[in-house]
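A.B. asks: Below you'll find the structure I mean.
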Amino acid sequence: MSGREVQLRSVGTALPGPAIDNATLARRFGVGEVWEQWVEAFLGTRTRHLSVDLFTGEVDGWLADLGALAGQRALAAAGVAPGEVDLIVLATSSPDQLMPATVNVIADRLGIDEIPSFQLQSGCSGALQALDLARQLLLGGRHRTALVLGGDVSAKQWDLTADPRTVPQAQLVNAAMFGDGVGAAVLGVDAEPGTQPGTQPGAGSVVLREVRVRLGGLGRPSGHVVEWFGVADRHRLGPGVDEDYKAIEQLVPGLAEQVLDELLHDVGWKRSDVDYLLPPQLSGRMTAKIVETLAVQGAVEVTVVPDVGNTGNALPFFQLERLLPRLSPGDRAVALAIESSKWIRSAFALEKVAAP
């Protein structure tokens, strides 16, 4: 199907509950003002949204709830009915259940049926893996419209009954850095059925030029581990989440630079051709370090992690939601995501194309 182009038609996102600032976290965990200031300076994260109320334990939407809402918003923005979706893909590291797959629960709530569905279990690069899979299937010619989702709900890993004084520092860092959320995008080929956010009919389309995903973890210890406990080992000692932040800090900037060079080579662009840069969103401080390493002079940075926290597979969609209304014909954007659990580097390239 030569000449076929995959268009990014819309994006929708969903966040649970109100924004939680660092002062609220410090009060909940009894760690004081010094810790609050440390979070602001070291992580650069100001607020995040969580699916569990830290004080009451009340749940305000799991992955399927947020996914259905984000999917509804993306479909509405694209002018696409549920019956027009030809395939659905979800990327997450935190499904609501092992079975049924959360993607199928979301599809059911959206009224989507009788189509191929895929759920990819992966960390921060999962959203780009999902975009890559959907793009390849659309280019194959059998499908015209795809709904792609990415999101995570990390709050379900927290033990709110634990004495805050006994919580290890690494777990407190995770509590400050991560947030919950889901994003969704509608991809399509051929004629555009609706309008994109911030545009008018005939104003052009956003083409997904390339997606690149590469596993690079051979011989490298995992930088981020999320455990799953079943009935037999539910009393096993040890944290549910473990993170080697030092390894992440050391390796991610170089991996981001590597995949940027690979992507630009694939699409035939130079750094000077890039108008917008969507960098990896580990934390506000790490993002600034990565942007400095990438040295894409003149590109406008699109960063959301200081306001929503690290929402894992949802982050690229939050970045895209901010980007799309700002694009003019001829603008080019690149997005990068690095997964530290087994070191996956990923990137995609977008271009706004003028209407004929």
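The values are calculated or read from the model by the stated rules, or taken from the named source; none is laboratory data. Just so you know, these numbers come straight off a predicted model, no measurement behind them. Cβ atoms come from the backbone with ideal geometry, glycine included; neighbour counts cover every protein chain shown.
A.B. asks: Regarding the stretch 16-25, can at least one residue be identified that is at pLDDT 80 or above, in contact with a Pro (Cβ under 8 Å, 6 or more places away or on another chain) and assigned by TED's automatic domain parsing to the domain that holds Gln157?
C.D. replies: no
A.B. asks: Further question: Being in a loop (DSSP other than H, G, I, E, B) and buried (at least 19 other Cβ atoms within 10 Å of the Cβ) is the filter here, so list the residues in the stretch 60-85 that pass it.
C.D. replies: Those that are in a loop (DSSP other than H, G, I, E, B) and buried (at least 19 other Cβ atoms within 10 Å of the Cβ): Gly61, Trp62, Val80, Val85.
A.B. asks: Hey, another quick one. Just to be sure before I move on: is Asp96 outside any helix (DSSP H, G or I), in contact with a helix residue (DSSP H, G or I) (Cβ under 8 Å, 6 or more places away or on another chain), outside the structural domain of Ile338 (by TED's automatic domain parsing) and surrounded by fewer than 16 Cβ atoms within 10 Å (Cβ to Cβ) in the structure I sent?
C.D. replies: Values: outside any helix (DSSP H, G or I): yes; in contact with a helix residue (DSSP H, G or I) (Cβ under 8 Å, 6 or more places away or on another chain): yes; outside the structural domain of Ile338 (by TED's automatic domain parsing): yes; surrounded by fewer than 16 Cβ atoms within 10 Å (Cβ to Cβ): no.
Criteria not met by Asp96.
A.B. asks: Working carefully through the options Leu327, Leu278, find the one that is within 22 Å of Arg46 (Cα to Cα) and out of contact with any Gly (no Cβ under 6 Å at 6 or more places or on another chain).
C.D. replies: Leu278
A.B. asks: Just name the residue that is modelled with the lowest pLDDT out of those in the stretch 52-74 that are over 16 Å from Phe318 (Cβ atoms) and within 18 Å of the chain's Cα centre (by Cα).
C.D. replies: Here the answer is Gly61.
A.B. asks: Sort through Gly194, Gly202, Gly238, Gly217 and tell me the only one that's at pLDDT below 80, more than 30 Å from Ala81 (Cβ to Cβ) and in a loop (DSSP other than H, G, I, E, B).
C.D. replies: Gly238
A.B. asks: Give the residues of the stretch 99-127 that are of a type in the set (A, V, I, L, M, F, W, C) and either touching a residue at least 24 places away in the same chain (Cβ under 8 Å) or not in a helix (DSSP H, G or I) (or both), sorted by residue number.
C.D. replies: Met99, Ala101, Val103, Val105, Ile106, Leu110, Ile112, Ile115, Phe118, Leu120, Cys124, Ala127
A.B. asks: For Ile88, state whether it is surrounded by fewer than 19 Cβ atoms within 10 Å (Cβ to Cβ), among the aliphatic types (A, V, I, L, M) and at pLDDT 95 or above.
C.D. replies: No: the conditions fail for Ile88.
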